[in-house]
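Please read the structure below before turning to the comments.
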Amino acid sequence: MNRDGAKTSTWQEEIAGFQPQNQKEADRIYDVLVVGGGITGLTTALLLQEQGKKCILAEAYNIGFGTSGGTTAHLNTMLDTPYYQVENDFGHDSARLVQAAASEAITLIHNLSSRYNFDCGFEYKQGFIFAQNEEQEEELQKIVGGAQRAGVDINIVDNIDIPIPFTMACVFEHQAQFNIGKYLVGLARAFERSGGVILHNCMVSDIISDEYYTAETNAGLIKSEKVVYATHIPPGINLLHFRCAPYRSYACAFTLKDGRYPTDLLYDLEDSYHYIRSMKAGGKGYVIAGGYDHKTGHNDNTEQSFRELESYIRHHFSVEHIEYKWSSQYYSSADGLPYIGLLPGHNNIYTATGFIGNGMVYGTISGKIISDLIVGVESPYADLFRPSRIKPIAGFAEFVKENGDVISKFISMRFSYEQVNALVELAPGDAVLADWEGNKVALYKDEQGKVFAVDPVCPHAGCLVAWNNAEKTWDCPCHGGRYAPDGCRLTGPAKKGLQALL
């Protein structure tokens, strides 16, 4: 199973065995086309199929290819946006609604895994947040107070069993963890057994609206009455791209010499914070730790983030061996809450984005909210999370006009190896943005000495991409588009990849 980077996550082997079984009906007009095979898309598709809708899911690569395959699979009611902040910005009732949505998402994951007998290692856990200095203690007190008012079962405690020094800690109940790889496969198989269709390697390039929607894909046309973009952020250019910022987070899984694996979920209050859990796979125990988040494309040396994470875990744990290292992308919303519901400007296209670091919970509740909206069931969360709460920004229409279809200056240009060598001498594994006649060229030489040259102008909105030396990808710092060394689109809002020049 592949994912959107060179590093391997702990979940990939679990997902690799899944292959879709049901076939697309060529002339059928489906009730709903779901684009994207992560937790949001699969949950939405299964819930709709359960309620009698005929659904088809189009995944550009394989299920779990994007962020769902790179999560650390924490399930929290304590979210990245503190409840006191939600309370200040949206009101007390909204804070309680956010808590209820997170709790319902965890319950839904448990119920689906029980109903369909997913062997996904779901376990309820306690969660602990700990402070390490006086400033963090003040923040922790605010976090606990806001969470209690929102309905979270949370309290300050005197002691917790962790190998990390702390000055104050709290415990919050009814949290959980699971094996996301097994869970995604379980969702996919349940969806297919209920009559749904999953298409792997099905890239949706465009969707045309007439009396119904016609999706143009490399696997042929797909017709549907409604569309759900479960693609982490919707494609094209829309207001959501100006209210969501892409970030990368880093994780690793390691074994311990002393066997003292944490039994619960741990979080500190550093900026950016660290998050820790344990898991078992193949009869072995692992600790999964993550952190060192930064804006996508804004770190010149992403390998350094892994080194910092490794230094942190070796300082606090008796590390035996680090077996997995990977990074993943998420989108942070402008106001701290996700955008779930109708895509602004559309009547029958739905989306979900801006999950911050809580993609498993928000992705799951997105499936519930969107499926309720489509079948006409009133959702208590729909108004709070609606994407249309975004107000249009000045100049947006002109921006769309100018950037909706970026035309490269390299449209007919091709380089020879001799020209590339004249531009810059690359060592194997190196990449660079080089200058050629006043224009930038993105160059990469792989470990076998093969050179790739692509136009570095992101086809989404015209930003220049930056090299991610850990995952071996070109990443857009503006809206999170990510591309393989040969320019192939991996994830993000662009509808096509970077133009190859060699």
| field | G66 touching a His at 6+ places or on another chain (Cβ under 7 Å), within 25 Å of L373 (Cβ to Cβ) and in contact (Cβ under 8 Å) with a residue 60 or more places away in the chain | value | yes
In segment 228-255, anything farther than 18 Å from F306 by Cα and assigned to a strand (DSSP E or B) is listed as V228, Y229, C244, A245, P246
query = Any residue at all in segment 370-382 that is buried (at least 24 other Cβ atoms within 10 Å of the Cβ) and farther than 17 Å from S94 by Cβ?
reply = yes
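Matching residues to (1) modelled with pLDDT under 95; (2) of a type in the set (A, V, I, L, M):
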residue: F166; (1), (2): no, no
residue: C170; (1), (2): no, no
residue: F191; (1), (2): no, no
residue: S205; (1), (2): yes, no
residue: A245; (1), (2): yes, yes
In segment 71-90, anything on the phi < 0 side of the Ramachandran plot, of a type in the set (A, V, I, L, M) and part of a loop (DSSP other than H, G, I, E, B) is listed as M78, L79
Within segment 116-141, the residues that are part of a helix (DSSP H, G or I) and free of Cβ contacts under 8 Å to residues at least 40 places away in the same chain are E134, E135, E137, E138, Q141
Is there a residue in segment 322-344 that is assigned to a strand (DSSP E or B), over 23 Å from the mean Cα position of the chain (by Cα) and at pLDDT 95 or above? yes
Checked pairs for segment 430-458, first without any contact (Cβ under 8 Å) to a residue 40 or more places away in the chain, second crowded, with 23+ Cβ neighbours inside 10 Å and assigned to a loop (DSSP other than H, G, I, E, B), C-beta under 6 Å and 6 or more apart or across chains, list as L433/P456; K440/P456
Only unsatisfied item for H294, checking (1) in a strand (DSSP E or B); (2) without any contact (Cβ under 8 Å) to a residue 60 or more places away in the chain; (3) under 22 Å from D264 (Cβ atoms); (4) of a type outside the set (V, I, T), is (3)
When every residue in segment 296-308 that is out of contact with any Gly (no Cβ under 6 Å at 6 or more places or on another chain) and surrounded by 15 or more Cβ atoms within 10 Å (Cβ to Cβ) is compared, the one nearest to W474 (Cα to Cα) is G297
For segment 478-502, the count of residues that are in contact with a Ser or Thr (Cβ under 6 Å, 6 or more places away or on another chain), closer than 15 Å to N468 by Cα and in a loop (DSSP other than H, G, I, E, B) equals 1
Residues of segment 1-47 being surrounded by fewer than 20 Cβ atoms within 10 Å (Cβ to Cβ) and outside any loop (DSSP other than H, G, I, E, B), in sequence order, are T8, E13, A16, I29, D31
inquiry  = Here is a check on your reading of the model: is G220 more than 20 Å from the chain's Cα centre (by Cα), assigned by TED's automatic domain parsing to the domain that holds K24 and loosely packed, with under 15 Cβ neighbours inside 10 Å?
reply    = yes
Criterion first (under 15 Å from the mean Cα position of the chain (by Cα) and farther than 18 Å from G357 by Cα) does G41 satisfy it? no
When every residue in segment 471-488 that is over 21 Å from S305 (Cβ atoms) and surrounded by fewer than 22 Cβ atoms within 10 Å (Cβ to Cβ) is compared, the one nearest to the chain's Cα centre (by Cα) is C488
Filtering segment 320-338 down to residues that are over 21 Å from M78 (Cβ atoms) and buried (at least 17 other Cβ atoms within 10 Å of the Cβ) yields I322, Y324, K325, W326, S327, Q329
All conditions in (1) under 25 Å from the mean Cα position of the chain (by Cα); (2) without any contact (Cβ under 8 Å) to a residue 24 or more places away in the chain; (3) closer than 18 Å to L343 by Cβ are true of D210 except (1)
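Only one residue in S278, S318, S328, S305 is free of Cβ contacts under 8 Å to residues at least 40 places away in the same chain and either of a type in the set (D, E) or not assigned by TED's automatic domain parsing to the domain that holds I233 (or both), so which one is that?
S278 is the lone residue from the list that is free of Cβ contacts under 8 Å to residues at least 40 places away in the same chain and either of a type in the set (D, E) or not assigned by TED's automatic domain parsing to the domain that holds I233 (or both).
The values are calculated or read from the model by the stated rules, or taken from the named source; none is laboratory data. Given the structure is predicted, the values throughout are model-derived calculations rather than measurements. Because the Cβ atoms are built from the backbone with ideal geometry, glycine has one as well, and the counts that use them run over all protein chains shown.
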